[in-house]
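Have a look at this one.
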Amino acid sequence: MKVQGKVFKYGNNVDTDVIIPARYLNSADPEHLKQHCMEDIDPAFAGNVKTGDIMVADKNFGCGSSREHAPIAIKASGISLVIAADFARIFYRNAINIGLPIMECPEASAAIRSGDQVEADFDSGIIRNLTTNEEFKAKPFPEFIKRIIDEGGLVNYTKSKLKGGI
Amino acid sequence: MAMTMTQKILAAHAGLPSVKAGDLIEAGLDKVLGNDVTTPPAIKVFEKMGVDQVYDKDRICLVPDHFTPNKDIKSAELSKCVRCFAAEQKLSHYYELGEKGMGIEHVILPDNGIVFPGDVVIGADSHTCTYGALGAFSTGVGSTDLACAMASGQTWFKVPEAIRVNLTGKPGRYVTGKDIILHLIGMIGVDGALYKSLEFCGDGIKYLSMDQRLTICNMAIECGGKNGIFPVDDITIDYIKGTNPERFSESDYKIYEADDDAEYIRTIDIDLSEVPLTLALPHLPSNTRRAEDVKDMLIDQVVIGSCTNGRWEDMVMAADIFKGHHVRKGVRCIVIPGSMKVYRKCLDEGLLAIFDDAGCIISTPTCGPCLGGHMGILAAGERCVSTTNRNFVGRMGHVDSEVILSGVPVACASAIMGRVAVPEEI
């Protein structure tokens with residue numbers, strides 16, 4: 001599967017408090033959360049993001065709290081993929097679990113700039129910067145994670161397991 | 001195959017003779033935890049899964065502590081959702097506000113004797129890593145993981161690599177577990193232990209009480225750690241004897257020890273006698289300074305409490321400093337005992353009177369201001385010295401407010417002086 005979109009670029013240690021501030025966690029409704037996504041570091045994000053756009057950041061994306069509201073807010077905003085040099089571990093699990101596509105690629109995260117048009121292929125892991133004509137290869141997912149993704153997420157995986165299918 | 005303490009616990013819970021770093025395993029869970037923010041989305045997933053019952057009604061702990069007593073209608077709905085689910089599922093570890101065992105999740109789970117050495121615990125709260133202080137493996141997850149764990153009693157883990165933190169020497173006066181963990185985070189950065197275990201060891205741990213160890217493990221997540229863990233020693237055994245004599249008498253716990261030749265990707269040596277009173281300036285827990293060096297910073301508020309520093313010893317330290325002193329005019333000082341037990345002990349032993357005489361605001365147990373929920377939100381331009389765990393942009397209120405993280409003695413001295421201060425000044 002391929003996605004393509006305009007890039008919103010952020011730096012190191014984008015924490016879950018800026019992805020979705022705790023003052024908005026009194027509801028887990030994606031429609032409510034997306035209105036406040038990135039509000040404290042990029043107040044224009046919620047108004048400017050379009051379906052299919054791509055978020056790119058540097059190291060340790062999603063550090064901080066375990067709130068699944070963070071990847072839910074990003075996904076509900078219309079973001080089709082988050083590329084980072086690496087992800088904080090709870091955010092990584094949560095993104096896989098709720099079906100927000102993520103890719104780890106330090107080279108792409110270093111080279112891609114805000115506003116670039118980027119295309120990515122989930123199957124091959126190839127990330128292409130259409131603005132600069134550069135190509136990058138993301139780290140492949142471990143087999144076990146691929147199995148969860150193939151099952152359609154952790155919920156389906158657990159369902160199959162409880163039924164004795166796995 | 002030589003294993004770390006964490007790896008041994010995980011291997012045992014996965015039913016495997018051994019594991020190595022990088023292995024993906026499925027492990028059985030002794031306890032599964034959620035709060036009022038993370039549990040409602042998990043309940044939705046649980047219902048969608050079409051599962052009728054949790055895997056074990058005695059192993060799910062639900063603690064409404066974040067936005068409670070409810071700050072608004074929406075958060076009241078969240079608590080109601082958790083309350084109804086707990087009643088339907090007949091959960092034995094649901095904690096209602098005001099009950100004797102109630103409080104902030106990571107204060108009450110150890111203190112009520114719910115977690116013991118050798119347990120594996122996951123919680124939909126990043127500070128679930130706190131229980132490593134007891135020689136257990138515990139780590140934070142999200143709501144979907146919580147839902148699946150409530151249904152199946154299992155979850156998947158990538159077996160972590162480990163960093164050994166060798167603590168030697170005796171900490172100086174007023175130097176607490178908080179100073180030690182902030183010092184470590186300052187050394188390695190907010191991603192310095194990403195995906196890894198922090199395994200504490202060394203002669204210095206005998207000087208660290210259980211409350212100090214809980215504070216240290218609590219903040220393992222602030223350098224990206226999967227878990228922080230202490231070896232089990234006499235201090236651990238004395239603690240669990242007190243928290244749950246019944247479980248203790250049944251020997252329902254297991255002591256795991258790292259192999260001598262276990263592999264660590266790095267060893268960090270810290271001489272506790274050289275750890276200064278440490279704080280973290282905005283906006284990262286790794287932005288550490290000696291408190292001594294930033295004494296000119298004026299403040300508007302002080303918060304003493306949270307899952308990091310709301311325990312009995314924290315309250316005792318605070319009372320020792322506040323006794324005979326008063327919070328500086330123009331500063332609000334909010335004291336939040338971390339549980340009803342801690343609150344009651346503060347009441348019985350006269351600590352609340354000391355706080356009241358000093359001009360502190362005393363709150364019922366809640367996470368409240370730590371995550372900018374309620375009970376002490378900051379306005380634009382305001383600065384707070386706080387014993388909580390995060391100082392990210394907007395964490396305690398307005399995006400232009402600032403949080404400085406510190407241990408209890410520095411927070412109390414700062415409240416009295418109206419600026420960043422050290423207890424020796426009082």
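The values are calculated or read from the model by the stated rules, or taken from the named source; none is laboratory data. Values in this document were obtained by computation on a predicted structure and should not be read as measured data. Cβ atoms come from the backbone with ideal geometry, glycine included; neighbour counts cover every protein chain shown. Surface areas here come from the heavy atoms of the whole protein model, side chains and all, with no ligands, DNA or RNA. Shrake-Rupley method; radii C 1.70, N 1.55, O 1.52, S 1.80 Å.
Antiparallel versus total DSSP beta bridges in chain B: what percent is that, nearest 5? Present the calculation step by step, with values, prior to reporting the outcome.
Numbers: 11 of 52 bridges.
Bridges in chain B are about 20 percent antiparallel.
Considering only the protein assembly as shown, what is the antiparallel percent among its DSSP beta bridges, to the nearest 5?
30
OK, next. DSSP loop GluC sites (Glu not before Pro) in segment B:74-109 with at most 16 other Cβ atoms within 10 Å of their Cβ, which ones? Show your work: numbers first, answer last.
Working: sites: B:Glu77, B:Glu88, B:Glu96, B:Glu99, B:Glu105; in loops: B:Glu96, B:Glu99.
Hits after loop and neighbour filter: B:Glu96, B:Glu99.
Turning to a different aspect of this structure: I need the Debye-formula profile for segment B:39-111: one equal scatterer per C-alpha, no solvent, reported as log10 I(q)/I(0) at q = 0.14, 0.16, 0.20, 0.23 1/Å, two decimals.
Result of the Debye calculation: -0.44, -0.58, -0.89, -1.12.
If you take every DSSP beta bridge whose two residues both sit in segment A:18-166, what share of them, in percent to the nearest 5, is antiparallel?
45
Further question: Compute the distance from the alpha-carbon center of segment B:296-314 to that of segment A:31-104, in whole Å.
Here the answer is 31 Å between Cα centres.
Follow-up. I need the phi-derived Karplus couplings for segment B:371-385: 6.51 cos²θ - 1.76 cosθ + 1.60, θ = phi - 60°, integer Hz, Gly and Pro marked x.
Rounded to whole hertz, the list is 10, x, x, 6, 6, x, 6, 8, 8, 4, x, 7, 10, 10, 8.
Hey, if you drop one equal point scatterer on each alpha-carbon of chain B and run the Debye formula without solvent, what base-10 log of I(q)/I(0) do you get at q = 0.07, 0.09 Å⁻¹?
For chain B, the Cα-only Debye profile gives -0.31, -0.51.
Restricting attention to the alpha-carbon atoms of segment B:1-132, what are Rg (one decimal) and Dmax (integer), both in Å?
For segment B:1-132, the Cα-based Rg and Dmax read 16.2, 54 Å.
What percent do you get for the relative contact order of chain B when only Cα pairs under 8 Å and 6+ apart count?
Relative contact order for chain B comes out at 17 percent.
Dividing the Cα convex hull volume of segment A:25-104 by residue count, how many Å³ per residue is that? Could the numbers behind the result be given before it?
Working: hull volume 6.9 nm³, N = 80.
In segment A:25-104, the Cα convex hull volume per residue is 87 Å³.
Loop only per DSSP, at most 12 neighbouring Cβ atoms within 10 Å: give me the trypsin sites (Lys or Arg not before Pro) in segment B:314-372, ordered by residue number.
Counting only loop positions with at most 12 other Cβ atoms within 10 Å, the trypsin sites (Lys or Arg not before Pro) in segment B:314-372 are B:Lys329.
Past 29 Å, Cα to Cα: identify those pairs from B:Lys295/B:Lys329; B:Lys44/B:Lys226; A:Lys59/B:Lys71; B:Lys31/B:Lys100, in the order given.
Where the Cα-Cα span goes over 29 Å, the pairs concerned are A:Lys59/B:Lys71.
If amide H atoms are built 1.01 Å from N in the plane of the peptide, which residues on other chains or at least 5 residues away come under 5 Å of the amide H of B:Thr68?
B:Cys367, B:Gly368
Another question about this same structure. Under the rule of -39500 (n - 2.57) per DSSP H run of 4 or more residues, summed and divided by the residues of the protein assembly as shown, what mean residue ellipticity at 222 nm is obtained, to the nearest 500 deg cm²/dmol? Intermediate values should be presented prior to the final figure.
Numbers: 22 runs with 184 residues, N = 592.
Result for the protein assembly as shown: -8500 deg cm²/dmol, rounded to the nearest 500.
Under 5 Å between amide hydrogens, which residues at least 5 positions from B:Cys61 or on another chain qualify, with H placed 1.01 Å from N in the peptide plane?
The answer is B:Val32, B:Leu33, B:Gly34.
Let me spell out the model: positive unit charges on the Cβ of Lys and Arg, negative unit charges on the Cβ of Asp and Glu, origin at the Cα centre of segment B:273-364. What dipole size does that give, in debye rounded to 20?
Using Cβ point charges on Lys, Arg, Asp and Glu, segment B:273-364 gives about 200 debye.
Mind listing which GluC sites (Glu not before Pro) in segment A:26-131 are in a DSSP loop and have 16 or fewer other Cβ atoms within 10 Å?
none
Counting only other residues whose beta carbon sits under 13 Å from that of B:Ser75, what net charge do I get with K and R as +1, D and E as -1?
That works out to +1.
B:Lys206: which lysines have alpha carbons under 21 Å from its alpha carbon, excluding same-chain residues fewer than 8 sequence positions away?
Of all the lysines, those that pass the test against B:Lys206 - Cα under 21 Å, at least 8 places apart if same chain - are B:Lys170, B:Lys178, B:Lys241, B:Lys254.
Can I ask one more? To the nearest 100 Å², how much accessible surface do chains B and A hide from each other in total, with a 1.4 Å probe? Could the numbers behind the result be given before it?
Values: alone 16290 and 8430 Å², together 20950 Å².
By this definition, chains B and A bury close to 3800 Å².
Then there's this: Could you tell me the ratio Rg/Rh of segment B:330-426? Both radii from Cα atoms, Rh via Kirkwood. Mind showing how you got there, number by number?
Working: Rg = 13.4 Å, Rh = 13.9 Å.
Across segment B:330-426, the Cα-based Rg/Rh ratio is 0.96.
Please list the non-local residues whose amide H lies under 5 Å from the amide H of B:Leu378, H modeled 1.01 Å from N, same-chain partners needing a gap of 5 or more.
Amide H neighbours of B:Leu378, under 5 Å, 5+ apart: B:Gly397, B:His398.
Jot down the radius of gyration and Dmax of the protein assembly as shown, Cα atoms only, both in angstrom.
Calculated on Cα positions, Rg and Dmax stand at 22.8, 71 Å.
In addition: Give me the net charge of B:Ala12's neighbourhood, meaning all other residues with Cβ under 15 Å from the Cβ of B:Ala12; Lys, Arg count +1, Asp, Glu -1.
Here the count lands on -4.
Suppose the Debye formula is applied to equal point scatterers at every Cα of segment A:56-166; what is log10 I(q)/I(0) at q = 0.17 Å⁻¹?
-0.84
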